[in-house]
């Protein structure tokens, strides 16, 4: 047992511990503690990933040396390690990128609370990634819900509060449905550890018993997790919540929180229900169709937006649609494509939200298009980040977006039939619409104010003329984000490799 | 294509490859020569531009991408180069910085990217149903895999060709051309019209002959539909040019029409017609570049943009107008200037291919368009040289030397290639034959 | 040799060589005359340059041995002669040049289409091989299509009805030596092509021959008719050219009808071509002399100028007599040959029992046109050389022989065609040409002409108001066809853009402020409703962001999941 195998458990524990410590520490100290903790966790998970890349196999880690079926288990493989490291890195970068806004949005007194929420949020995400026990998953799902709402709510603004309440309620509905499904599964199989449940389910399927309850369980689990990961039509809470939150919160929510639930869903499909049954399950059709609708509806709604953060939020709905489309195709190639999109979208969307924060800063705090005209010139880092983000979203080769679309289409082509046709049509439509609204944003953001008439008010124009003071930390974060995006884009075949190998040892 | 060099492997089956074959070499030579002449021209014209540095940067980068496109050995590389070329040539269009040029650049970008996305569709299917990623004359489709799926493949072929045709100004995706070419500075208009449209033609050539193969496509509804689209464009472009007063827009519409001559030949899928198409690629590039240089010279020295303002200008700018006239005659298709031979081969190829109705309708539309070409180009020269007694004559002076140099070289080429057409014709015949 | 991408071939056999020599001769005379004519004129360098260029092109046309070479030089010839037509740059000249160029370019393009069709049909364009190559396709639609297209092109250059419109306008405005060439030899280039079509491609085809004869008849009569009513010296000569082309066309028609077997038709045609070239050279040079001195061409102005200029009178008389076909002249020979070839065919057909009323009608038109020719030529002659000018002082001025009206060089070169014609007349002074039957035809013509002269004596005839070009071609093309086509084209062009605009609604409104804010919904609903619509839209949007809506959507989704999964 190599020492690095302890990383999953210890990451979770360290984060929890530091979260509690932040409660009592003063502001600057808690900030430093949070940064260090997250950095440490990130390093640890990267080490774990390297360990797997050197050829190790997935392993099961029992908590406290109590064996199954009574103890708790973690399971780590290449895919989990990759996802965990990515989550940690992005959390760190989001915090760095949105730090300036924390000061202004949240207020000095409550900044600790924010760090606590963030640390617990990351802890719950890692737990969801690594856990092998269904009930633990539920517990951390709840923690995730609460902390996610927490980071939205911490910006005390009327609009934000309303949005976060909506988010909270819908999220709880989702968790509730998830809990019901766990109950059904427990009732039917008698176990809570994923591997045990899988055996039970396989047996039941073979015998043809309890078909209806199992179907209901799968349905409820699907809906519950879809509610939390913003599959259309369950996504109506997303635009408000993500757009009204502070910059780093939006980045984390859009980039990471949604993905953690998707990861959980995939994990449940692979390890609870089992690949054999999932291959031809009807729920995949539903996920595919709703994913496609999400792709299209998300982009269509984004077209008409005049508020940059809402536009990014709707764009997220569209991109989540891609993921569900990939899962819904039913092949391992499809799931691989979905995972790639998870990685790429996490990086890109987080970067875009941080950059949006920067643009808002350079425009006197407003999010509306008419006010952020030309902001790309005032805050060049945000401008470049937007360009990189746009190129990635549009699907230009050498940026991450290309490989996701490519792998998704390839997966679709091999499936054939109506799924193939529908997916490809949806991808094309959605890409075209995405291109349109992102390029529109670029045009607005880069407009030279002297040459074009603008609708911004006089007051705002005065604001613009003020020298924009950019945070060094923010600049640094943006640069790192850009480097991360480019790396993922250029090394996309490595990424594919990691994901495919990871998936093969996943189930 | 043999000896493809792999630059980068993205993943299994996806790589960036370059190779050179006859077709690519021809396009590369054409690009290079035109770029050099345009650069010489632009070195003087830049005094009229608002942002010369930006212009030259993207001018060079676009050439790089075009060269890469000519040498692209597989679909993915070709698509990549196509996309980048669009992105890199767009700043040339909005060099002026006026609202109009920004809107025009946006239109260019939208149409081109939309077209390229449609073109990408063909890639997925060719990758799946094809035997080789690299282009092979005669098509790469695997007969066993495609059996029964011809319908789908024909649809995708049609969509991809129409998509790449956006860059070549094929109806219905031609609308960016008459908007973008006039607002760009003259050297940019010249290369956009003369060379970049041919990039679209090259992509279509590759798809038709080296991905799907002429045998697969000829005789199908795809061929008929494409020829109809090409003929519509030929007619429409000339007709719109006939009534247009803004000189550069007139030339832009003329490009729409003339490039579809080439596409007509490509879609007819007959060696003679393809020969005519390839010859017209060269001829049209030379002629259109010279015409745009002339228009640019008029704008540069005399600040006049509309044809109606140019009465008697020929007497003040004899060399410019002389080159303009020679190239106009070539474009109309008057022997012995370059331009006649390509029409000859296009028409005889079409007639000998024997498609119902289209075989004679095609040449008829081409000749109608030639008539309209005479109608919109000759009056410029005539009113320039012979304004008529008592008519108000325009004030002006001759263009500077460097600009004249480029124009003279091209006009001389028009005459020489027209008279001594055999060498070029032989080379093109070989290449055309090699595509089947 | 290999030029322009294909092999050009030349030959000097038969008519090719003959007309090449004619070209040389005519250019020589014209250029020599031009020395004096252009002495005080503008743009001399341009004139001489394009004269020589046209010479080269015309020689190329005649010497070509395959149709593609012919086409190349034909096109070059059209363009270089255009510059000669508009040499004056006056309004009239530019307008005439426009017409000329339009007809030439349209004709050229249609001819090219014909060449395409012919090449596709037979695989060869060599003139020597055409007869054999076309024989298997005789009577087929494709051959007719090719022939019609080619005839349009060649016929336009020759001046056959209905494409003769450019002739009466272009020839008068060009400088006189150029007019001589335009009338004399460029039209023959067109005839040359028509000869190839009729006598090589479609020889022996009855329907085709009938069509050609009809065209020829109309042209003959129309040209003469226009000439009678014209009041401008050069215009009369130009219309006269049209008429003579008609005669030649009739000859070609007969040759075609008899499958080249009628010797008289062939000989008559060629002889008349030569004659006409020489005649027009002579007459236009004389007109040039008049213009050179007076700078006027209206008949009322030049009246009486030639009264004391016997040399000029002699030249003019020779020309006039020859063209009228007075016995003793070469014109008589060629007209008689043509006439007799018609008569011969009539007799043959009567023997064979076929209907001959059409050909008899043709014969009468032939004779009447000949008469009209005599009428207008004698009118011209009388006007210039016999009558006195209406105004006394002007006449005095004319009688004044202060300066020589043409220098020695001009006088000698103009003598050349006159002499040539007299020689031809002498050569053919053979018995069988002067039999009573033959003379009968000529005298009939002359009688008709004389009658007409007497009738119209002294009357000043007004110009005809009806101008085919202005009243039919231009309106149909420029006001009818072109706007229609332009409308279609603009709809097509706009399709892509309008579609995009419809799709994007008002998306780009804020970034393209100079564009109109076109909201189809507003337009459909009217201003009043537009606001209500906006309110409804805002309400819908607001409610879409509410929690209840979200829950509703979620529940609907849940139902879909459950129903679908439980059923499966």
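What follows is calculated from the coordinates using simple rules that are stated; it is not laboratory data. The structure presented is a predicted model; accordingly, all values stated were derived computationally and were not measured. Glycine also receives a Cβ, built like all others from the backbone with ideal geometry; neighbour counts cover every protein chain displayed.
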Next item on the list: For region B:19-81 and region A:162-178, write down the distance between their C-alpha centroids in whole Å.
Entry: 56
Check: Suppose R0 equals 22 Å; then what is the FRET efficiency for residue A:40 and residue A:60 from their Cβ-Cβ distance, rounded to the nearest 0.05?
Finding: 0.40
Checklist line | Set of region A:272-310 residues, backbone N closer than 14 Å to the point 7 Å along the Cα-Cβ line of residue A:135 | finding: none
Item checked: Near-label residues of region C:217-247 by backbone N, under 12 Å of a point 7 Å along Cα→Cβ of residue C:300 -> C:231-232
Margin query: Compute the helix-to-body angle for A:400-415: its Cα long axis versus the longest principal axis of chain A, expressed 0 to 90° and rounded to tens.
Written below: 40
Item checked: Label-to-label distance, nm, for residues given as residue B:221 and residue B:64 (7 Å Cα→Cβ offset) -> 4.5
Next item on the list: Any chance you could run the full-extension gain for residue B:228 through residue B:9? It's 0.36 nm times the residue separation minus the Cα-Cα distance, nm to one decimal.
Entry: 74.9 nm
Notebook entry, point to check: For the pair residue A:27 and residue B:420, how long in nm is the line joining their label points, each one 7 Å along Cα→Cβ?
Noted result: 8.3
Item checked: Globularity index of region A:280-507, i.e. its alpha-carbon radius of gyration over 2.2 N^0.38 Å -> 1.08
Notebook entry, point to check: Which value in Å does the Kirkwood hydrodynamic radius of chain C take, with 1/r averaged over all unlike C-alpha pairs and then inverted?
Noted result: 27.0
Item checked: Among A:93-105, A:354-366, B:159-171, the order from most to least packed when residues are scored by Cβ within 10 Å on average -> B:159-171, A:354-366, A:93-105
Next item on the list: Output the Kirkwood hydrodynamic radius of region B:143-284, Cα pairs only, in Å rounded to one decimal.
Entry: 15.3
Next item on the list: Evaluate E = 1/(1 + (r/R0)^6) for residue A:304 and residue A:209, where r is the Cβ-Cβ distance and R0 equals 41 Å; express this FRET efficiency to the nearest 0.05.
Entry: 0.25
Next item on the list: Could you work out the mean projected area of the convex hull around the alpha carbons of chain B, in square nanometres to one decimal?
Entry: 19.3
Checklist line | Shape call, region B:14-133: gyration tensor on alpha carbons, a/c limit 1.5 | finding: oblate
Check: When each pair of different Cα atoms in region B:282-436 is counted once in the 1/r mean, what is the Kirkwood radius in angstroms, to one decimal?
Finding: 16.8
Item checked: Long-range tail of P(r) for region C:301-389 (Cα pairs > 22 Å, %) -> 43
Check: Relative to the first principal axis of the alpha-carbon coordinates of chain B, what is the inclination of helix B:99-129, with its axis defined by its Cα atoms, in degrees from 0 to 90 and to the nearest 10?
Finding: 20
Margin query: Taking 30 Å as R0, compute the FRET efficiency from the Cβ-Cβ separation of residue B:308 and residue C:46 and round it to 0.05.
Written below: 0.75
Item checked: Average Cα contact separation per residue, region C:92-163, under 8 Å, 6 or more apart, as relative contact order % -> 44
Checklist line | In range of the label at residue C:142: residues from region B:339-365 whose backbone nitrogen is under 16 Å from the point 7 Å along Cα→Cβ | finding: B:347-364
Check: How high is the relative contact order of chain A, given as a whole-number percent (alpha carbon pairs under 8 Å, six or more residues apart)?
Finding: 15
Check: Given the protein assembly as shown, what whole percent of its Cα pairs are spread farther than 52 Å?
Finding: 46
Next item on the list: Starting from the Cα-Cα distance between residue C:454 and residue C:477, subtract it from 0.36 nm times their residue separation and give me the gain in nm to one decimal.
Entry: 4.1 nm
Item checked: Paired Rg and Dmax values of region B:226-346, which use every Cα atom, in angstrom -> 15.1, 46
Next item on the list: Determine how many Å³ per residue the convex hull of the Cα atoms of region C:226-377 encloses.
Entry: 96
Check: On a 0 to 90 degree scale, rounded to 10, what angle separates helix C:233-257 from the longest Cα axis of chain C?
Finding: 90
Margin query: Report the Rg/Rh value for region A:1-160, based on alpha-carbon coordinates and the Kirkwood definition of Rh.
Written below: 1.01
Item checked: Peptide ranges A:226-232, A:206-212 listed from the most packed, as the mean C-beta count within 10 angstrom indicates -> A:226-232, A:206-212
Next item on the list: For chain B, with a Gaussian network of springs between Cα atoms less than 10 Å apart, report the residue from B:254, B:193, B:101 with the top mean-square fluctuation.
Entry: B:101
Check: For residue B:98 and residue B:50 in one chain, what is 0.36 nm times their gap in residues minus the Cα-Cα distance, to one decimal in nm?
Finding: 16.3 nm
Notebook entry, point to check: Using a basic spin-label model with each label point 7 Å from the Cα along Cα→Cβ, how many nm lie between residue B:357 and residue B:39?
Noted result: 4.9
Note to self: Let me test this: with uniform point scatterers at the alpha carbons of chain A, what is the Debye-based log₁₀ I(q)/I(0) at q = 0.05, 0.07 1/Å?
What the structure shows: -0.17, -0.34
